[in-house]
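Presented below is the structure to which this report refers.
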């Protein structure tokens, strides 16, 4: 079933600021260097293109995730590595997207403690959410359901991005979704 | 730029019943036999997956077409042949989708006279629309803007589906989007 020429979906889930987009870009760069076709489906960008007008109620979030899942499904069954980087807070709709996939769906939990996210708070969003200035902010004023049995877990509060990247790539190689990176001799 | 391994988008536009879906399936079968990855983006199916809740106002139709265009763009820039089969009645949004593409966008006008569509009327929709029972039915009670300079035109009121298919494939070969079909010797 798996093989280095088959597409698959690498689905990141985790809180805002945990490192999903950064990891998605690092993975893309690495896999493109191995000759793979890779497409990042970033939560914010997909919202603009596919879900304008949707809000942050459970229903609207689920609809947005189903749409990202549909596009990931089409890409992955056509040989592309689809890398989804959206909070995707609800377990049930993540599982629904997994079931709809023909290609392999690799759920990857980008785990970072709320304490650490509040400490970093690069965009100042957690401070705002804690002051009650953002409605429905996942992890503060809106639920986040961590995966029960993710295929891969990285802990970005105690691993560097480089180490998290290594963890993910090692697991993708172990599961034969990607070939080991070729070793080039220096000219 | 073009080449037999690059993705492209084959975008059908035309009235309901003109033969877009039938042609899309015939093209897919042919290109898959040539070893290509092909994904059909059918208007009705994409509406269910990406545009639930949208209606048939100009604005909603345009939004639906932009979403199909976004998915076609992602597929085609990753080596897939994206075949869009949606009425896509408005010229401006078709042109907008074309401009957003990195891969080649081949606009294909599936031209069939309204007289012939009313005569065939396989789903009974034209009769209903002419009786005023369907609001905003393209070609009867809602506008259809034919392409001014389509890359390919087929006339399904005077060509068979097989002939239309041949017309399209010949043009795709001429433009080097697909390789000529290999000739197999009979065992």
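Every read-out reported here was derived from the displayed coordinates using simple, explicitly stated rules and does not represent laboratory data. Computed from a prediction, not measured in an experiment: that's the story for all the values here. Using ideal geometry, Cβ is built from the backbone for each residue, glycine included, and neighbour counts are taken over all protein chains shown.
Below are the figures for this structure:
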| quantity | calculated |
| --- | --- |
| Proxy reagent accessibility, fewest Cβ within 10 Å first, across A:62, B:157 | B:157, A:62 |
| Most fluctuating residue given options B:100, B:18, B:72, as computed from a GNM of chain B linking Cα atoms under 10 Å | B:100 |
| Ranked list, fewest to most other Cβ atoms within 10 Å of each Cβ, for A:96, A:162 | A:162, A:96 |
| Inter-copy separations for residue A:92, label at 7 Å along Cα-Cβ, nm, ascending | 4.1 |
| Calculated FRET value between residue A:161 and residue B:159, using beta carbons and R₀ = 51 Å, to 0.05 | 0.35 |
| Residues A:52, B:166, B:20, sorted so that the one with the fewest Cβ neighbours within 10 Å comes first | A:52, B:166, B:20 |
| Near-label residues of the stretch B:67-108 by backbone N, under 17 Å of a point 7 Å along Cα→Cβ of residue A:32 | B:74-80, B:102-103 |
| Inter-part distance where the stretch B:84-111 and the stretch B:139-172 are each reduced to a Cα centre, Å | 13 |
| Position residue A:123, label points 7 Å along Cα→Cβ, spacing to each other copy in nm (shortest first, one decimal) | 4.0 |
| Label point 7 Å beyond Cα along the C-beta direction, distances from residue B:163 to other copies (nm, shortest first) | 7.0 |
| Length gained when the stretch residue A:99-residue A:56 is fully extended (0.36 nm per residue, less Cα-Cα span) | 13.1 nm |
| Degrees between helix A:58-76 axis and first principal axis of chain A (Cα, 0 to 90, nearest 10) | 10 |
| Rounded tilt (10° steps) of B:161-174 against the dominant C-alpha axis of chain B | 50 |
| Stokes-Einstein translational diffusion, the protein assembly as shown - Kirkwood Rh over all Cα pairs, 1.567 mPa s, 4 °C, in µm²/s | 57 |
| Prolate/oblate/rounded label for the stretch A:75-187 (Cα gyration tensor, a/c 1.5) | oblate |
| The protein assembly as shown - mean residue ellipticity at 222 nm from DSSP helices (-39,500 (n - 2.57) per run, n ≥ 4, rounded to 500) | -12500 deg cm²/dmol |
| Top of A:156, A:22, A:108 by mean-square fluctuation, Gaussian network on chain A, Cα under 10 Å | A:22 |
| Degrees, to the nearest 10: A:91-100 long Cα axis against longest axis of chain A | 30 |
| Potential extension, residue B:136-residue B:181 segment - 0.36 nm per residue separation minus Cα distance | 12.0 nm |
| Top of B:132, B:53, B:14 by mean-square fluctuation, Gaussian network on chain B, Cα under 10 Å | B:53 |
| Shape call, the stretch B:126-186: gyration tensor on alpha carbons, a/c limit 1.5 | prolate |
